[in-house]
Amino acid sequence: MKVKERPLSSAAVHILLALAESDLHGYGIMQAVKRQSGGTYTLGPGTLYANLARLLAGGLVGERERQLKGGEVRREYHLSASGEQALRLEIRRLRQVVAIAGRRLGQPNEKGA
Amino acid sequence: MNMRQCLLFSYQLLLATYPPAFRRRFAAEMLELASSAELSEWPLIFGDTGLAIVRCWLQTAPADAAVEPAHGYLALGTSALPASRLLQGLVLATVISLSLCYFVSLGYRPGTDQNPSVCVQSAQTAVPAPPLR
């Protein structure tokens, strides 16, 4: 399966990273993104579900329904194999960007950046 | 009706403006998510959802693809342009072209000197700039 050809949006990266830890429902993804970014990045529901729709359509994220104790059904999202591959590619790309930035701007703590 | 119920009702109305396929698929989840939000988070929820709705209407293909069965695979980085979108574009382009033609025919007469353009008038009455020292 061809994974992707262009960089993922930062929201998509955060969502995939959250799902790399565990399967989550929508609210869980929002909380996980907030936690993993140290509170600096907050996903709104519009951005979250627009990105989830794209990721589902691209096969990077899968979904399944889980029955709760009270008989309630909750939809959970999980990272697919191609999603993991796409995330690894994106992280590699970001590392390259950081490496170039490091060469051109110096290390972040050298100039107080 | 208290404040929270009022906000939820307004949000439900906002969700109704999503494209139908997206609404059927995600609106219930979005409403559930919003119902567990704090009052301080509501400005973000409304603002973010409002922008997302506009974006969703502008690019409905991926959102629609999300509700298609598994064989409706759409890879990221590819663009699916269905015939309906082409038709919408054609209609929009025609309307814009006709509107432009109409306004041009009303206000612009090429080859007539009765109404010289504003640029010519301002050039004739322009005060010369003082010489540089």
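The values are calculated or read from the model by the stated rules, or taken from the named source; none is laboratory data. Note that this is a predicted model, so its numbers are computed, not measured. Here the Cβ positions follow ideal geometry from the backbone for every residue, glycine too, while neighbour counts run over all protein chains shown. Just so you know, the surface numbers come from the protein's heavy atoms only, side chains and all, with ligands and any DNA or RNA stripped out. Shrake-Rupley method; radii C 1.70, N 1.55, O 1.52, S 1.80 Å.
Rounded to the nearest 100 Å², what is the buried accessible area between A and B, both sides summed, probe 1.4 Å? That pair of chains buries around 2300 Å² in total.
Of the trypsin sites (Lys or Arg not before Pro) found in the range A:12-76, those in coil by DSSP whose Cβ has at most 13 other Cβ atoms within 10 Å are A:Lys69.
Only protein chains counted, 1.4 angstrom probe. Which residues of the range A:35-53 are at least 20 Å² less accessible in the assembly than when their chain is isolated? So the qualifying set is A:Thr42, A:Gly44, A:Pro45, A:Gly46, A:Thr47, A:Tyr49, A:Ala50, A:Ala53.
Take every Cα pair under 8 Å whose residues are at least 6 apart in sequence, average their separation, divide by the length of chain A, and the relative contact order is 29 percent. Share of carbon and sulfur in the accessible area of chain A stands at 50%, probe radius 1.4 Å.
Axis of helix A:26-36 versus longest Cα principal axis of chain A: the two differ by about 30°, to the nearest ten degrees. For the range A:6-113, applying the loop criterion from DSSP together with a ceiling of 10 other beta carbons within 10 Å to the GluC sites (Glu not before Pro) yields A:Glu72, A:Glu110. Take each residue of peptide B:28-36, count the partner chain Cβ atoms within 10 Å of its Cβ, and average: the result is 4.
Here the range A:5-113 is treated as a Stokes sphere of Kirkwood radius computed over C-alpha pairs; at 20 °C and 1.002 mPa s its diffusion coefficient rounds to 140 µm²/s. For chain A, the longest principal axis of the alpha carbon atoms and the long axis of helix A:10-21 meet at an angle near 60°.
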